[in-house]
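Enquirer: Provided herewith is a single structure, encoded as structure tokens, for subsequent inquiry.
The values are calculated or read from the model by the stated rules, or taken from the named source; none is laboratory data. Treat the numbers as computed from the prediction; the structure is a model and nothing was measured. Positions of Cβ are backbone-derived with ideal geometry, glycine not excepted, and every protein chain shown enters the neighbour counts. Calculation scope for accessible area: heavy atoms of the full protein, side chains included, ligands and nucleic acids excluded. Shrake-Rupley method; radii C 1.70, N 1.55, O 1.52, S 1.80 Å.
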Amino acid sequence: MDTERVRQQIEFIREIDGLKHVLRQSYLMNGSRRENDAEHTWHIAVMGLLLKEHAIDQNLNLKKVVHMLLIHDLVEIDAGDTFAYDVKGYEDKWDREVAAAKRIFGLLPTDQQTEWMDLWLEFEEGQTTEAKYAAAMDRLHPVLHNFYTEGIAWKAHKVSVGAVKKRVAVVAEAAPALGQFVANLLEEAVEKGYLLP
């Protein structure tokens, strides 16, 4: 047994427990409280598995997609959750997250450091069909949460439908049927006053 490898992996497991303490702006669908990053991560990984039939690329490497979804927010343990519509917060988001990725993935054995960092970068760059589909799940999720909580977070931050449409454009690109679903949901959200026109 490679004792040092196991020690590094267990240390990483201990470290990522911190994701449970990072609060997001979205509320649980019952509106009772804000969700944390670990809950978000679990939910979008399930969505990725469940909604694959709608992906434009039916040859997606689903294992890779789920891996990306499970690790993409680990950087927020150090960098915090930057609200999607916080222009100021995005000014240094990349630098904060790269530093966090290097530290957190750096806890892993060298081969896993490289693999996980590469997957995180692939997700962030959003060029492959797997990265686009993973991003679609990540962008669809808060729309669902906001819609089914009557726009709690959208209202609190005075979010406009135009801002949401820009953010979720990747959904239609990766899964056209889901893109149409989101478009209909956003139209209804404006009608119901959940989202600014």
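Enquirer: Could you list all residues from the stretch 13-27 that are in contact (Cβ under 8 Å) with a residue 24 or more places away in the chain and either more than 27 Å from Ala84 (Cβ to Cβ) or in a strand (DSSP E or B) (or both)?
Expert: Leu23, Arg24, Gln25, Ser26, Tyr27
Enquirer: Given the conditions (1) surrounded by fewer than 18 Cβ atoms within 10 Å (Cβ to Cβ); (2) among the basic types (Lys, Arg); (3) within 19 Å of Val170 (Cα to Cα), report the number of the one that Lys132 does not fulfil.
Expert: All conditions pass for Lys132, except number (1).
Enquirer: Taking the conditions exactly as written (among the acidic types (Asp, Glu), open to solvent by 50 Å² or more (accessible area, probe 1.4 Å) and either free of Cβ contacts under 8 Å to residues at least 60 places away in the same chain or out of contact with any Phe, Trp or Tyr (no Cβ under 7 Å at 6 or more places or on another chain) (or both)), does Asp118 satisfy them or not?
Expert: Judged against the criteria, Asp118 is a match.
Enquirer: Go through Gly179, Gly162 for me and flag whichever is over 25 Å from Leu23 (Cβ atoms), assigned to a helix (DSSP H, G or I), touching a strand residue (DSSP E or B) at 6+ places or on another chain (Cβ under 9 Å) and open to solvent by less than 60 Å² (accessible area, probe 1.4 Å).
Expert: Gly162
Enquirer: For the stretch 1-24, enumerate the residues that are modelled with pLDDT under 95 and not acidic (Asp, Glu).
Expert: Of everything in the stretch 1-24, just one residue is modelled with pLDDT under 95 and not acidic (Asp, Glu), namely Met1.
Enquirer: Tell me which of these Thr82 doesn't satisfy, since it passes every other one: (1) surrounded by fewer than 19 Cβ atoms within 10 Å (Cβ to Cβ); (2) in a helix (DSSP H, G or I).
Expert: Here Thr82 clears every test but (2).
Enquirer: Still on this structure: Given the conditions (1) more than 16 Å from Glu124 (Cβ to Cβ); (2) open to solvent by 70 Å² or more (accessible area, probe 1.4 Å), and given that Asp95 satisfies all but one, which numbered condition is not satisfied?
Expert: Among (1) more than 16 Å from Glu124 (Cβ to Cβ); (2) open to solvent by 70 Å² or more (accessible area, probe 1.4 Å), Asp95 violates only (1).
Enquirer: Determine which single condition Met117 fails, assuming it passes every other condition in (1) over 27 Å from Ala55 (Cα atoms); (2) part of a helix (DSSP H, G or I); (3) hydrophobic (A, V, I, L, M, F, W, C).
Expert: Single failed check for Met117: (1).
Enquirer: Okay, next question. Does Arg167 count as touching a helix residue (DSSP H, G or I) at 6+ places or on another chain (Cβ under 7 Å) and either loosely packed, with under 15 Cβ neighbours inside 10 Å or at positive phi (or both)?
Expert: Taking the combined requirement at face value, the residue does not satisfy it.
Enquirer: Please pick out the residue among Ala45, Ala101, Ala55 that is hydrophobic (A, V, I, L, M, F, W, C) and farther than 28 Å from Phe147 by Cα.
Expert: Ala101
Enquirer: If you go through the stretch 140-153 one residue at a time, do you hit one that is among the acidic types (Asp, Glu), within 21 Å of Phe12 (Cβ to Cβ) and either open to solvent by 30 Å² or more (accessible area, probe 1.4 Å) or in contact (Cβ under 8 Å) with a residue 40 or more places away in the chain (or both)?
Expert: no
Enquirer: Pick from Gly126, Gly193: which is farther than 21 Å from Trp94 by Cβ and free of Cβ contacts under 8 Å to residues at least 60 places away in the same chain?
Expert: Gly193
Enquirer: Looking at Leu49, Leu108, which one is part of a loop (DSSP other than H, G, I, E, B), out of contact with any strand residue (DSSP E or B) (no Cβ under 9 Å at 6 or more places or on another chain) and either open to solvent by less than 50 Å² (accessible area, probe 1.4 Å) or of a type in the set (A, V, I, L, M, F, W, C) (or both)?
Expert: Leu108
Enquirer: Can you tell which of Ala38, Ala100 is open to solvent by less than 20 Å² (accessible area, probe 1.4 Å) and in a helix (DSSP H, G or I)?
Expert: Ala100
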